[in-house]
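Below is one structure; the comments refer to it alone.
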Amino acid sequence: MKLGEHKEEPKGGFRWKIVITIILLVAVSSFIIKFNSAQTGKEDYKKSGKFTESDVAVAAVAAIQGNFPVYLTGLGTVTALRTVTVRSRVDGELVRVAFKEGQTVKVGELLAEIDPRAFQVQLMQAEGQLLRDEALLKNAEIDLVRYKTLLEQDSIAAQQTITQESLVKQHKGTVAIDRGLVANAKLQLSYARITAPITGRLGLRLVDQGNIVKASDANGLVVITQTQPIAVVFTLPEDELQAVMKQFRSGEGLAIEAYDRSGKNKLAQGQLLAVDNQIDTTTGTVKLKAQFGNEDGALFSNQFVNIKMLMDTMQSVTIIPTAAIQRGTMGSFVYVVKEDQTVSVRPLTLGPTEGEKVAVLKGLQPNEQVVVDGADKLRENMKVKLITREPASSSNVVSLPNKEIKQENNRKHGNNE
């Protein structure tokens, strides 16, 4: 190619350059438009007077001072203090069922009857045999008196008197046996009436009227459980055993509260009754038993419950919500809202936790404001605006729901989330 001559580019390459240039121009224009829109939105929002660009929306509550209960918690199962399967002691036809399923009965109350006629006949036979043998005994005693008189007159041999004395003793033994047979017949007759051995609540009927029941039947007629009072068996970690035993042996009652499966609804309150004598090596726990009055029948046998045992009550301690607690390399801390509406990081020494509250042992004073929502965007000395669910009289508190904190912060910083 000679000097001064220009090499013509291919038509296809020229077209591609045009396309790329157009794409770049469109992208730059979109970015400029988006940036200007965001800045305009931020300026409009700042002009509304609600927030400044340096502020972060947070929710805060004041730490309070009060008594804080210290509980040990465990999982338990409701168990009846006594459970009895009612069985017949004699064989016969079940002629009457005198109870209703699920009712509460008292000890000695009639539950069912077995046909008593066979036992009445046996009693009559035993009583008749007793009358006969008592008559024989009386006759032998009369003969013995007569023989002794004749022996004094030397009218009979002494051996005859001795023989008569032995016959009297034999009849006395027979009468004693007969009396035992009568007592046994009366006892068997009494077994025809089946009564409640304990006071408790009946389960479902296991045998219907008209069936032949036997003393050897395994199922029985009905099951009675003593539910007033009732017991709960629960477990605690072995590490807590020493503290429990110290207070238990001192004679001070340990209050126990039973809650439902969700742990929110309190069912009953009772006292610690006993501690097992060994630790389960597979789980590292120990079993304990608590007793509840259960007057309202809220606890049922084999019911699952959550147990809370009151060990102590901390007096005049600072209390804050658990939602305020943050954790980092320095340990547990909170963001404290100061009077100039800035936040400060405050390391804490925490005590026990109960539900959504925690006791603060060191690092915080009552009435200090701690951030409970919106702390993820905070740093030391950052300016904040408080957001509460209800209107406040203070001019620096904006009335907005706590759930809108994230939305407000995103709008303030121009995010489109």
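What follows is calculated from the coordinates using simple rules that are stated; it is not laboratory data. Just so it is clear, the structure is predicted and the values come from calculations on it, not from any experiment. Using ideal geometry, Cβ is built from the backbone for each residue, glycine included, and neighbour counts are taken over all protein chains shown.
Tabulated data
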| quantity | calculated |
| --- | --- |
| Sorted by Cβ neighbour density within 10 Å, fewest at the top, the residues Phe300, Phe333, Phe234 | Phe300, Phe333, Phe234 |
| Segment Leu75-Thr283, length gained on full extension (0.36 nm per residue, minus Cα span) | 73.6 nm |
| Highest to lowest packing among 319-327, 72-80, 224-232, scored as the average C-beta count within 10 Å | 224-232, 72-80, 319-327 |
| Within-14-Å neighbourhood charge of Gly284 [Cβ basis; K, R +1; D, E -1] | -4 |
| Estimated FRET transfer efficiency when R0 is 45 angstrom, pair Leu206-Asp143 (beta carbons, to 0.05) | 0.15 |
| Amide H within-cut-off set for Glu109, under 5 Å, with H built and near neighbours excluded | Ala196 |
| Spin-label model distance (nm) - Ala158 vs Val107, 7 Å beyond Cα toward Cβ | 5.9 nm |
| Given Lys338/Lys377; Lys308/Lys338; Lys266/Lys377; Lys106/Lys287; Lys172/Lys214, the pairs whose alpha carbons are separated by over 28 Å | Lys308/Lys338; Lys266/Lys377; Lys106/Lys287; Lys172/Lys214 |
| Binned Cα-Cα distances of segment 85-224, short to long, each 5 Å bin given as a whole percent | 2, 10, 14, 13, 11, 8, 7, 7, 6, 6, 5, 4, 4, 2, 1, 0 |
| Gain in span if fully extended, Lys100 to Leu151, counting 0.36 nm per residue against the direct Cα distance | 11.2 nm |
| ³J(HN,Hα), Karplus 6.51/-1.76/1.60, whole Hz, each residue of segment 127-134, x for Gly, Pro | 5, x, 5, 5, 4, 4, 6, 5 |
| Per-residue Cβ neighbour rank within 10 angstrom, fewest leading, Lys106, Lys172 | Lys106, Lys172 |
| 5 angstrom amide H check on Ser332, placed H, neighbours 5+ away | Leu348 |
